[in-house]
1. May I ask you to list the residues in the range 127-154 that are under 15 Å from Ala197 (Cβ atoms) and free of Cβ contacts under 8 Å to residues at least 40 places away in the same chain?
2. Does the range 37-50 include one or more residues that are out of contact with any strand residue (DSSP E or B) (no Cβ under 8 Å at 6 or more places or on another chain), in a loop (DSSP other than H, G, I, E, B) and more than 25 Å from Lys162 (Cα to Cα)?
3. Can you pull out every residue in the range 15-33 that is assigned to a loop (DSSP other than H, G, I, E, B) and closer than 19 Å to Ile69 by Cα?
4. For the range 1-31, what are the residues that are out of contact with any Pro (no Cβ under 8 Å at 6 or more places or on another chain) and among the aliphatic types (A, V, I, L, M)?
5. Scan the range 161-177 and give yes if some residue there is within 21 Å of Asn74 (Cβ to Cβ) and either in a loop (DSSP other than H, G, I, E, B) or in contact (Cβ under 8 Å) with a residue 12 or more places away in the chain (or both), otherwise no.
6. Has the range 157-170 got at least one residue that is at pLDDT below 95 and open to solvent by 20 Å² or more (accessible area, probe 1.4 Å)?
7. Would you point out the residue of the range 183-212, among those that are open to solvent by less than 20 Å² (accessible area, probe 1.4 Å) and touching a helix residue (DSSP H, G or I) at 6+ places or on another chain (Cβ under 7 Å), that is nearest to Asn123 (Cα to Cα)?
8. Anything in the range 77-107 that is modelled with pLDDT of 95 or more, surrounded by 19 or more Cβ atoms within 10 Å (Cβ to Cβ) and outside any loop (DSSP other than H, G, I, E, B)? List them, or say none.
Amino acid sequence: NWSNMANTAAPSFPVLTRVGGGLGIYYNKYTTWSDFPLLTYTNYLDFYNNTNNESSPFAGPGFPALQRINGNLNYNNNEYMTSVPDFDALTRCNTIYMQDNHQLTAFPQFPALTYCAGVYSPNCYEMTSVGTFLPSILWVDGDVNFVNCILDEASVDAILVKLASLDGTNGTTSYDYKSIVLYNGTNAIPSATGLAAKTTLEGRGCNVYVNS
């Protein structure tokens, strides 16, 4: 772990492949971040309460080779973090927390992820897009929350359609009896496609909250 650095470049770990405990990066100010290009495993990943200023927005560090996080992925409450690099190789983690990043404009992509225990990304006031939402996911074992964001219609639909597609066929675990929270803020109203997926999810015992 490292914390409470200011006005400096973070250390780099160009050959680090595994962290048996966890990786924590928090309470740093005006720091330049380096990627972890070869890291494939960590027990948890915490990146929170890191700040910059309006004139110097920043991106979080990248983990392009990371395949598994045994615990949670926490990217929370980072002021003036406008983007997070995609997690291209990640296949499994516990809950994805991406909350209270007030300047984050898009949810990062997880093209290889097959399992997570939920997605919690409220209060990202500038977040307009989730891109292609969890395209390889087979099992989401928890709630999905994007309250108080500004997601566009395509993103709201993408979340609902993806979760509705988890129906117990083709290797998926049916997404039942969970909560999907997509209201408040200025999240878009779902289209007819999104509303049809909402109806499907409600039929499987889910509570689905959207703007109307």
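1. Once the filter is applied, which keeps residues that are under 15 Å from Ala197 (Cβ atoms) and free of Cβ contacts under 8 Å to residues at least 40 places away in the same chain, the range 127-154 yields Val130, Phe133, Leu134, Ile137, Val140, Val144, Leu151, Ala154.
2. Within the range 37-50, one or more residues are out of contact with any strand residue (DSSP E or B) (no Cβ under 8 Å at 6 or more places or on another chain), in a loop (DSSP other than H, G, I, E, B) and more than 25 Å from Lys162 (Cα to Cα).
3. Val15, Leu16, Thr17, Gly20, Gly21, Gly22
4. Taking the range 1-31 first, the residues out of contact with any Pro (no Cβ under 8 Å at 6 or more places or on another chain) are 1, 3-9, 11-13, 15-24, 26-31.
Of everything in the range 1-31, those that are out of contact with any Pro (no Cβ under 8 Å at 6 or more places or on another chain) and among the aliphatic types (A, V, I, L, M) turn out to be Met5, Ala6, Ala9, Val15, Leu16, Val19, Leu23.
5. So far as the range 161-177 goes, no, none of its residues is within 21 Å of Asn74 (Cβ to Cβ) and either in a loop (DSSP other than H, G, I, E, B) or in contact (Cβ under 8 Å) with a residue 12 or more places away in the chain (or both).
6. Within the range 157-170, the first condition is being at pLDDT below 95, and the residues that meet it are none.
So far as the range 157-170 goes, no, none of its residues is at pLDDT below 95 and open to solvent by 20 Å² or more (accessible area, probe 1.4 Å).
7. Across the range 183-212, the extreme among qualifying residues is Asn187.
8. Residues satisfying the conditions are Ile96, Tyr97.
The values are calculated or read from the model by the stated rules, or taken from the named source; none is laboratory data. It should be emphasised that the depicted structure is a prediction, and the values quoted were computed from it without experimental measurement. Glycine gets a Cβ as well: all are built from the backbone with ideal geometry, and neighbour counts include every protein chain shown. Ligands, DNA and RNA are excluded from the accessible area calculation, which covers all protein heavy atoms including side chains. Shrake-Rupley method; radii C 1.70, N 1.55, O 1.52, S 1.80 Å.
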